[in-house]
1. Could you give the length gained on full extension between GLN41 and ASP68, defined as 0.36 nm per residue of separation minus the Cα-Cα distance, in nm?
2. Stokes-Einstein D for the range 26-95 at 25 °C, 0.890 mPa s, Kirkwood Rh over Cα pairs, in µm²/s?
3. Quick one: check the C-alpha center-to-center distance for the range 58-121 versus the range 164-219, whole angstrom.
4. 7 Å from Cα along Cα→Cβ at both GLU22 and ALA4: what's the point-to-point distance in nm?
5. For a quick check of your reading of the filter: which chymotrypsin sites (Phe, Trp or Tyr not before Pro) in the range 117-219 sit in a DSSP loop and have no more than 11 other Cβ atoms within 10 Å?
6. Relative to the compact globular guide of 2.2 N^0.38 Å, what is the alpha carbon radius of gyration of the chain, as a ratio?
7. Count charges around ARG134 for me, please; just the other residues with Cβ under 13 Å from its Cβ, Lys/Arg as +1, Asp/Glu as -1.
8. Cut-off under 22 Å on the C-alpha distance; same-chain residues fewer than 8 positions from LYS113 excluded. Which lysines are left, in chain and number order?
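Bear in mind these aren't lab numbers, they're just calculated from the coordinates by the rules spelled out. Remember, it's a predicted structure, so these values are computed and weren't measured experimentally. Cβ atoms come from the backbone with ideal geometry, glycine included; neighbour counts cover every protein chain shown.
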Amino acid sequence: MYEAVNSRRAVRAFSDEPVSKETLERVLAAATRAPSSGNLQPWQVYVVTGEPLAELKRRATARALAGDPGDEREYPMYPAELTSPYTDRFAAAAAQRYAALGIDRDDPDRPMKIAALNSEAFGAPVVLFCYLDRTMGPGQWGDAGMHLQTVMLLLRAEGLHSCPQVMWTMYRRTVSQIVGADDGLVLFCGVSVGFEKEGAPQLRTARADMTETVRFIGG
Ligand SMILES: Cc1cc2nc3c(=O)[nH]c(=O)nc-3n(C[C@H](O)[C@H](O)[C@H](O)COP(=O)(O)O)c2cc1C
């Protein structure tokens, strides 16, 4: 278990080696054991591969390369007023990420390049899309996060890697057209899944010291 947690990273370079449906079913069946408040199990997951995924990548990448700012967001990616220490952590992670992706911080095309890498799902042969009923509240969004983390850890047990991607919400209308999700659902994020591309830079994003985020009370 520690190995799965420690080896999970947001991988941004996948090989085109396919992932079997049996493997995906095994992982997703096991992940149904994720906890949720009141056992609502509020996540709705679409698993997209093959031609539908190729078509989605084509349409989303065309939008990214055209500089399309994306569909109106249904939830903010971050609070409008992000302050320290969150801004510091964000900036540090972004710097590490751009360096690993070989994108210059001052490159005027940086946003478009990043959007296009994301819209190609970093080459992954599978993307999971996690939706919630529009009626669900913050507690259920937390449940969906627990479910996705369970999925991502189980993927490690299968030798697979993943990258959660909120970026897909920029193209949520295109995603919904492909998966057939109706207006009653809100897209939380996509998760790219596959085998890591050999030789790609392996990014281990730093973390704040535990003393910044955990307090022991009572000994
Ligand atoms: C809900 C969620 C959405 C994310 N969205 C994106 C994304 O759109 N694109 C991306 O490259 N990484 C995305 N990430 C990955 C984070 O950048 C990454 O988890 C964080 O920097 C820590 O790095 P690590 O997961 O490699 O340890 C997302 C992560 C989460 C949990």
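1. Difference between extended and current length: 6.3 nm.
2. Numbers: Rh = 16.6 Å.
Value of D from the Cα-based Kirkwood radius: 148 µm²/s.
3. After rounding, the separation between the Cα centres reads 13 Å.
4. That separation, rounded to one decimal, is 2.0 nm.
5. Passing both the DSSP loop test and the Cβ count: PHE216.
6. 1.03
7. Neighbour charge sum, excluding ARG134 itself: -3.
8. Within reach: LYS57, LYS197.
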